[in-house]
1. Go through the residues of the range 161-184 one by one and say whether even a single one is touching a residue at least 40 places away in the same chain (Cβ under 8 Å) and closer than 30 Å to residue 18 by Cβ.
2. Going by the structure shown, is residue 39 open to solvent by 20 Å² or more (accessible area, probe 1.4 Å), modelled with pLDDT under 90 and either in a helix (DSSP H, G or I) or among the small types (Gly, Ala, Ser) (or both)?
3. Please verify whether the range 202-219 includes one or more residues that are over 15 Å from residue 118 (Cα atoms) and hydroxyl-bearing (Ser, Thr, Tyr).
4. Would you list the helices (runs of 4 or more DSSP H) that sit entirely within the range 50-156 and hold 2 or more residues that are within 30 Å of residue 270 (Cβ to Cβ)?
5. Anything in the range 113-147 that is of a type in the set (A, V, I, L, M) and modelled with pLDDT of 95 or more? List them, or say none.
6. Any residue at all in the range 275-295 that's open to solvent by 20 Å² or more (accessible area, probe 1.4 Å), outside any loop (DSSP other than H, G, I, E, B) and of a type in the set (Asp, Glu)?
7. Every residue in the range 25-44 that is of a type in the set (A, V, I, L, M) and without any contact (Cβ under 8 Å) to a residue 60 or more places away in the chain, please.
8. Which ones in the range 134-178 are out of contact with any Gly (no Cβ under 7 Å at 6 or more places or on another chain) and more than 23 Å from residue 223 (Cβ to Cβ)?
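The values are calculated or read from the model by the stated rules, or taken from the named source; none is laboratory data. It should be emphasised that the depicted structure is a prediction, and the values quoted were computed from it without experimental measurement. Heads up, the Cβs are rebuilt from the backbone with ideal geometry, glycines too, and the neighbour counts pull from every protein chain shown. Just the protein is used for accessible areas: all its heavy atoms, side chains included, with ligands, DNA and RNA removed. Shrake-Rupley method; radii C 1.70, N 1.55, O 1.52, S 1.80 Å.
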Amino acid sequence: MRLFDFFRARPDLQTPIELPTAAHRDLCYRQLRTLVREAGVRPLTLMATDPAEYFAVMEAAGGADISLGVKLGVQYSLWGGSVINLGTKKHRDKYFDGIDNLDYPGSNVQALQTTATFDHVTDEFIINTPNDGAIKWWISNAALHGKFATVFARLILPLQGKGGEAADMGIHAFIVPIRDLETHAVLPGIEINDCGHKIGLNGVDNGALRFRSVRIPRDNLLNRFGDVSRDGKYTSSLPTINKRFAATLGELVGGRVGIAYCSVGVLKVAVTIVVRYALLRHQFGPPKQPEISVLDYQSHQHKLMPMLASSYAFHFATVQLVDKYSEMKKTNDEDLIADVHVLSSGLKAYITSYTAKSISVAGDLLKQYQENFKGGTLSVTWNYLRDSMSTYLSQPNPVTARWEGEDHLRDPNFQLDAFRYRTSRLLHSVAARLQKHSKTLGGFGAWNRCLNHLLTLAESHIESVILAKFIESVKSCPDEKSREVLKLVCDLYALDRIWQDIGTYRNVDYVAPNKAKVCGLI
């Protein structure tokens, strides 16, 4: 039975349009428990063995109730993922089954000011929130249901630093119980506040957490990348704090992949609803004639059809991302790890419109750009930048720039070249600006001065990646009729994006006036 059909067959698990916050939270938790305990779905097992199927379950859950999708992702991608990816065998043996069957509901808390100080006398870590500014807000599952939290804190070793001072070993992850397993009462030293009403996600019990000298066993340190012995000695296979921090966060990339993938699922549902409604809703028409479908109005088509095209484009892009993530988990290939990290950052940012997250993509592009001048290699995702100086940034052919035939505009080579040309120009120009401003403002000042430029670069690059995958997916579609329809949708996605940024192409005469006009009409 398909997951969607499972919820459709259970009226007691269906989410009404209007539901009070408390009732929605209770329903959402019952939905998740029923999914795991009656439908027999084992999300954490799937995430560990078949990530593609896990993300498909997560998308389907979000289709039934967006809050349920978030709830599932927090329990298994974040809380469960932190335990199996950052912990070692002892943690998996102790927590895996309880997380998988929902006996151990939990959350994931990144608290960079929070400290975990080792007490060698009692063999414990003392978790402490040093000030009000370090309280962690909007922690999913914290307000009501969570019994554990993966807390990111600075590992402090007393008397291990120079001159007998305390040594800060950087950010590490710790399993911290926050409620009693039997009574569900909040444990001593834990302060929990409810974040309250949220439009659209009231089924998720977001909360704020503060820790006041909470003691946990030494074994609760998730010690894959760094460990503390009984006598307080620190060991790690990674030589620096920065490398340990990067490795720790890198193992949590699955959560970012899930957000990008499931955001497309939400878009699919929304587009399906609005297109169907526009088709069925009739309004106005010729005098004394039946009213026509709203979807027949050209203005409505211009609003909805690019959304439809985008949902297909994002689908193929995120399917590729999940495939890369699955391969990464199997091989631990360093280039693939870097590729997944950057792609997941960019796709999450682009698809969910949280553009601030795009900075990491822009940073990687600049790093690759610098390596190109030093003779370094470019990773697979950025291969086209190797040719940017000689190909994409060369002066456009004046004849080609003015071609306006339909076959030319629908040629995937023209579309992809246009996207990559724009990205290459942005990359070169922002690199020049950063170099210029660094002389007077320093590295951070130059970065901040160019921030909007960097975000535009990141968005342009992600659009190029999406289009390339869309074109590839069209070509590989086995059914001829489906391939023809997909090709039209792909053309719409590409030409709509070119038209939305037509000023960039006109400013350098990459697209001549008549050609620009046709791009907007097709």
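1. There is no residue in the range 161-184 that is touching a residue at least 40 places away in the same chain (Cβ under 8 Å) and closer than 30 Å to residue 18 by Cβ.
2. It is true that residue 39 is open to solvent by 20 Å² or more (accessible area, probe 1.4 Å), modelled with pLDDT under 90 and either in a helix (DSSP H, G or I) or among the small types (Gly, Ala, Ser) (or both).
3. No, the range 202-219 contains no residue that is over 15 Å from residue 118 (Cα atoms) and hydroxyl-bearing (Ser, Thr, Tyr).
4. On the way: elements: 51-64, 66-73, 81-86, 89-100.
Those helices (runs of 4 or more DSSP H) span 51-64, 66-73.
5. Selection gives 116, 126, 127.
6. Checking the range 275-295: not a single residue is open to solvent by 20 Å² or more (accessible area, probe 1.4 Å), outside any loop (DSSP other than H, G, I, E, B) and of a type in the set (Asp, Glu).
7. At the first step, the residues of the range 25-44 found to be of a type in the set (A, V, I, L, M) are 27, 32, 35-36, 39, 41, 44.
Once the filter is applied, which keeps residues that are of a type in the set (A, V, I, L, M) and without any contact (Cβ under 8 Å) to a residue 60 or more places away in the chain, the range 25-44 yields 35, 39, 41, 44.
8. Listed by number, the residues that qualify are 134, 135, 137, 138, 140, 144, 145, 162, 163, 164, 165.
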